[in-house]
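Each remark here refers to the structure printed beneath this line.
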Amino acid sequence: MHSMVSGFGLRERSILHFNVADFAVAVERVADCSLRDKSLIVAPLHANRGLVYDMSEEAYRDGVRKGMPIKQAMRVSKKAVLLSPRPQLYQKAMGAFLKELQRYSPLIESGQIDGHFFVDVTGSHRLYGPPADVGWRIRRDVRKQLGINPIWTLGSNRLVSKVASRLVKPVGEYIVNHGEEASFLAPLPIELLPGLNLKELEKMREFHLTTIGALAQLTPNQLMVPFGGRSGVLHALSHGIDDTLIHKPSTQTDIVVGEHTFANDTSDRNEVEAALATLVGRAGLALRGQKKVTRRVGIWLSYCDGVQVIRQATHKTGTSAESLLQSLALLALKRCWQRRTRIRYCRLVCDRLQRQSPQLSLFAGNDTRGIKSRHVEGAMDSIRKRFGCDSIGLGRKYRSPAAENRSQISG
Amino acid sequence: MAADSSIEPCRVGELVYPSVAYGIEGPCKVSVGTCGYSYNEWVDSGFYPQGTMTSDMLALYCSCFSVVELNYTWYQMARAEALSRMLESAPSQLLFSAKLTRTMTHDPGSDWQEQLLAFRQGIAPLKDRLLAILIQLPAEFDRSVVNRNYLAGLLGGLEGLPVAVEFRHPSWAIDSVFVELERREISMVTVDEPELPGAFPFLDVVTNPRLFYVRLHGRNVSGWHSGNMQKKFNYDYADAELRDVRDRHLLRMAARSTRGVIFFNNHVQGRAPENAKHLLKILAKQGDSIGAFNG
């Protein structure tokens, strides 16, 4: 069997995982070194009922947790300094980190402004040396260039390197050698295994499957009884088998992204749609500037309890027209906003971009409405370029309660 | 002493030489190995058969060598459970040297004493198969008062364990350092690296007759400061160079020791194991010279 596998030329994979513990705090501390020795809580300052976005290790030890109401967090950690989240700054730090990683591999996957990266360095040993050395060098360079100190772990797949990173928080490194995946996982608590849902965890506790090794001892057939169709996946996970690939990320030119963090977590439809309209306005300007159209508009919603939902809406031929982009965005929003929990953050992603067709419509003369719209968009773009992205937009943009309040007061 | 009768192979990759350590004539066991054993490049170069999996490398390595320098303990803190797992698959005759973790040499923090304790616990499974703990100090680690105190702290923390120290800064190449190492029975590593300004000299000083320790990094002048490991350690020792190392250093050191280890670090393109095998051949053929050195 072994020789057969070798004969097909299968190569062992080397996946590096980088994880910056308390990423927002780490970035804030780089931006202001006087915060280095202080306990920090990052949360929206002006929110009436804001929740903790991130906290430092010191605050964590005091009992502060992500998603905790600010008032409660400040009671628990009285000495903590409260900072407002700056997603754009964190995004910039992610970009700088990514740039360091791109020196070693094109196959990088990252989380969403959370300081998490998976890097596939399989087969790069002739260029850059052993994977462990690459991990160490990247960590050294990131620390030197960006001032942040990431955890790095090395495994034969994403699952193993992810679990390893959970063992060394908040700083450190862990190398799991090829062939040691199952024995590495065996003594660990079952809760450390990624990809399990709450029901599965509960069921495992019922069966006294407290370690990953205990789960691994069961055959897929035995697992079939309590876990049904998931038995194969669970069996593979417990043995450290994970074939998922690290995909090449979309480059800046392949994607147009906008995001908005609400000052107060909200479930107000007007407020969410107004924020979305602003993002659509910016995305449309970017697309038309690049002479591109998008064939897919995606909405990422983050709820205040940490749940994230992503849904898309597609357009067959692609568009950069603001009204059409708005319709696609609202459709995607409708598809992903299915809960009553308040929303903290939304992100608009326009991808599947292609060049705008230079060909004019054969019956352009009849499409007077379309021509008028394009003229309006052209005029709006001129204003935006001169006075800023948000200087003008569709009426929907100004239907936020805040705007209404202002008008009432001024009236 | 008849030289030919005193040079006998012991284990794979190990030779026995006569020596006059402690003023008493006796054998000096010399082992040759490499810094690390788990390199995919060594499959590409043919040292390991095509298709060799990482988990099978150690067993294959042992068919040529009886000693290995564990360099992954430099990248991450030694962990008892990981070393125990490795020992399960390692042939019983294999001996080890373990490199001290970078958090105590290259990136020392304020918690280095706790780190040292963790390292001691981490390498505990090696027991009597541990030949030495290698403390490799960075090139900028000069003989300042602060650094001397720090090194003394490290050596104190490793008391009771066999230790070898590799200096890269030339300021340490003075008699008072050799005397102190001798007093503490610590091996000073003999380093072969490119002859560049500021490099530590290639000495044949033996500070611990129980173990002489040699590391051959290659002599790639242009790649040494490149910052790229693949360039830095890309070097193939010529036959004449290895013979010269043998005559000017190894035989002299073997004559003053009871044990010696020689490690090749030029791992790029599988040159380290090939050079190590070649050196073993050269050493095994050595007869007359040994007699000469032992007077």
The long-range amide H neighbours of residue A:262, using H built 1.01 Å from N in the peptide plane and a cut-off of under 5 Å, are A:345, A:346
Partner shielding of A:125-134, taken as the mean number of other chain Cβ atoms within 10 Å, equals 6
GNM of chain A, Cα pairs under 10 angstrom: of A:267, A:323, A:391, the biggest fluctuation goes to A:391
Residues meeting the amide H criterion for residue B:189 (H placed from the backbone, H to H distance under 5 Å, 5 or more places apart or on another chain) are B:165, B:166, B:167
A correct fewest-to-most ranking of A:37, A:22, A:133, B:44 by other Cβ atoms within 10 Å would be A:37, B:44, A:133, A:22
Between the alpha carbon centres of the stretch A:195-227 and the stretch A:44-73 the gap in Å comes to 34 Å
proj_area_mean for the stretch B:3-293 (convex hull on C-alpha atoms), units nm², value 14.6 nm²
Least to most buried among B:134, A:196, by other C-beta atoms within 10 Å and fewest first, runs A:196, B:134
Percent of all alpha-carbon pairs of the protein assembly as shown at distances over 52 Å, whole number, is 27 percent
Per GNM of chain B with C-alpha springs under 10 angstrom, the most fluctuating residue out of B:278, B:217, B:225 is B:225
Calc'd 3J(HN,Hα), the stretch B:163-179, phi into Karplus 6.51 cos²θ - 1.76 cosθ + 1.60 (θ = phi - 60°), Hz, glycine/Pro = x, comes to 10, 10, 10, 10, 8, 10, 9, x, 5, 8, 7, 9, 4, 4, 5, 4, 5
Partner shielding of A:205-214, taken as the mean number of other chain Cβ atoms within 10 Å, equals 0
For the pair residue A:84 and residue A:103, the simple spin-label estimate (label points 7 Å beyond Cα toward Cβ) gives in nm 3.5 nm
Note: B:70-76 gets an average of partner chain Cβ contacts (10 Å, Cβ to Cβ) equal to 5
Under Stokes-Einstein, chain A at 4 °C and 1.567 mPa s, with its Kirkwood radius over C-alpha pairs, diffuses with a coefficient in µm²/s of 53 µm²/s
Length-normalised contact order of chain B, Cα under 8 Å, at least 6 apart, in percent, tallies to 22 percent
Computed on Cα atoms, Rg of the stretch A:23-88 relative to 2.2 N^0.38 Å comes out at 0.98
In whole Hz, the Karplus estimates of ³J(HN,Hα) for the stretch A:301-315 (6.51, -1.76, 1.60; θ = phi - 60°; x where Gly or Pro) are 10, 10, 7, 5, 8, x, 6, 10, 10, 10, 9, 10, 9, 10, 10
Reduced to Cα centres, the span from the stretch B:235-266 to the stretch A:289-325 in Å works out to 66 Å
For the stretch A:23-88, averaging the sequence separation of alpha carbon pairs under 8 Å that lie six or more residues apart and dividing by its residue count, the contact order in percent is 34 percent
The ³J(HN,Hα) series, computed from each phi in the stretch A:155-166 with the Karplus coefficients 6.51, -1.76 and 1.60 at θ = phi - 60°, rounded to the nearest Hz and given as x for glycine or proline, is x, 7, 7, 5, 4, 5, 5, 5, 4, 4, 5, 6
Chain B, Gaussian network, Cα under 10 Å: of B:100, B:83, B:58, the residue fluctuating most is B:83
Relative contact order as a percentage, chain A, C-alpha pairs under 8 Å and 6+ apart, gives 14 percent
Listing B:181, A:98 by rising number of other beta-carbon atoms within 10 angstrom, fewest first, gives A:98, B:181
Around residue A:27 (Cβ within 14 Å, Cβ-to-Cβ, excluding residue A:27; K/R +1, D/E -1) the net charge comes to 0
Between the alpha carbon centres of the stretch B:151-198 and the stretch A:121-188 the gap in Å comes to 31 Å
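None of the figures in this text is laboratory data; all of them are computed from the coordinates on show. Just so we're clear, the structure is a prediction, and the values are computed from it rather than from any experiment. Positions of Cβ are backbone-derived with ideal geometry, glycine not excepted, and every protein chain shown enters the neighbour counts.
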